[in-house]
Amino acid sequence: FSIFIVEVRNMMEKRAPFLILIAAMLWGTTGTTQAFAPKMAHPIAIGATRLAIGGLFLLIVVLIRKQLNFVDWPIRETVLASLSIAFYQPLFFSAVTVTGVAIGTVVAIGSAPVLSGVLEWMFLKTRPARVWWYSTFLSILGCIMLLADKESVYVEPTGILMALGAGLSFASYALVSKDMIEKHSSLSVAAVVFTLSAILLSPFLFIFNMSWIISFQGLGVSLQLGIMATGAAYYLFAKGLAYVSSSTAVTLALAEPLTATLLGVFLLGEKLSMTSWLGVLFLVLGIGTLIKFSKNF
């Protein structure tokens with residue numbers, strides 16, 4: 001029986017990076033999906049809506065499967081994880097609004113892996129492996145090159161701080177969730193965390209004009225963002241996070257801008273410069289290297 005358990009764990013360890021990769025690819029559909037949203041839909045309202053639908057979807061699934069068990073449930077970790085996800089949404093969207101899509105995205109998504117590695121080093125006393133640093137450097141460089149030509153560079157200190165806050169929020173969520181899913185099912189952790197996050201962001205649903213959501217187009221966008229790009233994506237991320245370090249998981253999540261860019265090219269007709277295509281290559285190399293060696297750290 002013990003041999004069987006070891007075999008199952010080895011199989012899950014091999015699958016884990018790909019689960020996180022699929023999650024990142026689902027996140028990468030967010031920008032393309034939002035492009036089809038009604039023009040009156042505010043980005044922060046869309047973020048609050050996707051959390052509300054995603055949290056409700058996960059909660060329904062976990063109740064149907066009867067996996068919700070609050071025995072020895074970690075209250076402090078749950079609050080921290082929920083606050084991290086809740087803060088990420090307005091910080092990221094505000095950063096993008098203030099300092100531009102390119103700079104805001106690069107700083108937020110690019111800083112998250114480094115901050116995750118630092119947090120692991122500080123709180124878990126675990127120093128990331130050398131391969132992780134190489135892979136992360138390649139991936140972040142690729143991310144910078146990928147978005148470098150998106151628009152004119154406009155560096156606004158307030159926007160940079162917000163973007164760093166978003167990166168720290170995501171890194172904190174990964175670190176805290178890693179500890180939670182070692183003691184509880186990935187599905188129940190994701191359901192509870194996102195339900196609480198949705199409640200925390202619910203005031204935004206009353207601040208912005210939400211009439212767009214009752215249209216066929218608005219409802220379709222909301223369901224895609226809530227169920228696939230949030231509920232399913234974060235469940236897969238949590239599932240994979242059980243078998244890799246949080247720093248590895250956050251670096252693998254850099255497949256998000258890669259997916260978003262490729263969808264923009266093939267679905268929205270966007271054009272990429274040679275610099276951006278080199279960025280795609282570096283991202284693929286960085287993520288591919290990390291997947292190959294992820295079982296070692």
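The values are calculated or read from the model by the stated rules, or taken from the named source; none is laboratory data. Every value quoted in this text rests on a predicted model; they were computed, and no experiment measured them. Cβ placement follows ideal geometry from the backbone for every residue including glycine, while neighbour counts extend to all protein chains displayed. Note: areas computed on protein heavy atoms with side chains; ligands, DNA, RNA excluded. Shrake-Rupley method; radii C 1.70, N 1.55, O 1.52, S 1.80 Å.
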Exercise. When region 223-262 is examined, which residues are found to be out of contact with any Leu (no Cβ under 8 Å at 6 or more places or on another chain), open to solvent by 40 Å² or more (accessible area, probe 1.4 Å) and farther than 16 Å from Ala171 by Cβ?
Worked result: Leu223, Gln224, Ile227, Tyr243, Leu262
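Let's see how each residue does on (1) modelled with pLDDT under 90; (2) crowded, with 17+ Cβ neighbours inside 10 Å:
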{"residue": "Leu141", "(1), (2)": "no, yes"}
{"residue": "Tyr154", "(1), (2)": "yes, no"}
{"residue": "Ala163", "(1), (2)": "no, yes"}
{"residue": "Ala166", "(1), (2)": "no, yes"}
{"residue": "Phe170", "(1), (2)": "no, yes"}
{"residue": "Ala174", "(1), (2)": "no, yes"}
{"residue": "Val192", "(1), (2)": "no, yes"}
{"residue": "Ile199", "(1), (2)": "no, no"}
For this session: Residue by residue through region 188-240, note down the ones that are touching a Lys or Arg at 6+ places or on another chain (Cβ under 7 Å) and of a type in the set (A, V, I, L, M, F, W, C).
Result: Leu225, Ala229
Problem set entry | Cβ-Cβ under 6 Å pairs, at least 6 apart or on other chains, region 160-177 side more than 12 Å from Ile103 (Cβ to Cβ), far side of a type in the set (Phe, Trp, Tyr) and at pLDDT below 95 | Ala166/Tyr88; Ala166/Phe92; Ser169/Phe87; Ser169/Tyr88; Phe170/Tyr88
For this session: Tell me which of these Ala163 doesn't satisfy, since it passes every other one: (1) farther than 30 Å from Arg65 by Cα; (2) among the aliphatic types (A, V, I, L, M); (3) out of contact with any Gly (no Cβ under 6 Å at 6 or more places or on another chain).
Result: (3)
Exercise. Of the residues Ala52, Ala45, Ala24, Ala41, which is in a loop (DSSP other than H, G, I, E, B) and under 21 Å from Ser197 (Cβ atoms)?
Worked result: Ala41
Problem set entry | Cross-chain or 6+ apart pairs with Cβ under 9 Å, region 262-276 first and under 10 Å from Thr32 (Cα atoms), then of a type in the set (A, V, I, L, M) and open to solvent by 40 Å² or more (accessible area, probe 1.4 Å) | Gly264/Ala35; Leu267/Ala35; Leu268/Ala35
Exercise. If you go through region 84-92 one residue at a time, do you hit one that is surrounded by 15 or more Cβ atoms within 10 Å (Cβ to Cβ), farther than 21 Å from Thr259 by Cβ and more than 16 Å from the chain's Cα centre (by Cα)?
Worked result: no
Seminar exercise, completed: Out of (1) within 18 Å of Val250 (Cα to Cα); (2) at pLDDT below 95; (3) open to solvent by less than 30 Å² (accessible area, probe 1.4 Å), the one Gly159 does not meet is (1)
Exercise. Among (1) without any contact (Cβ under 8 Å) to a residue 24 or more places away in the chain; (2) of a type in the set (D, E, K, R); (3) closer than 22 Å to Thr261 by Cβ, where does Lys39 come up short?
Worked result: (3)
For this session: Could you check Asn209 against (1) surrounded by fewer than 23 Cβ atoms within 10 Å (Cβ to Cβ); (2) under 17 Å from Ile20 (Cα atoms); (3) not hydroxyl-bearing (Ser, Thr, Tyr) and say which number it fails?
Result: (2)
Seminar exercise, completed: With criteria (1) of a type in the set (Phe, Trp, Tyr); (2) in contact (Cβ under 8 Å) with a residue 24 or more places away in the chain; (3) within 30 Å of Lys292 (Cα to Cα), Phe87 comes up short on (3)
Exercise. Given the conditions (1) modelled with pLDDT of 90 or more; (2) surrounded by 22 or more Cβ atoms within 10 Å (Cβ to Cβ); (3) aliphatic (A, V, I, L, M), and given that Ala41 satisfies all but one, which numbered condition is not satisfied?
Worked result: (1)
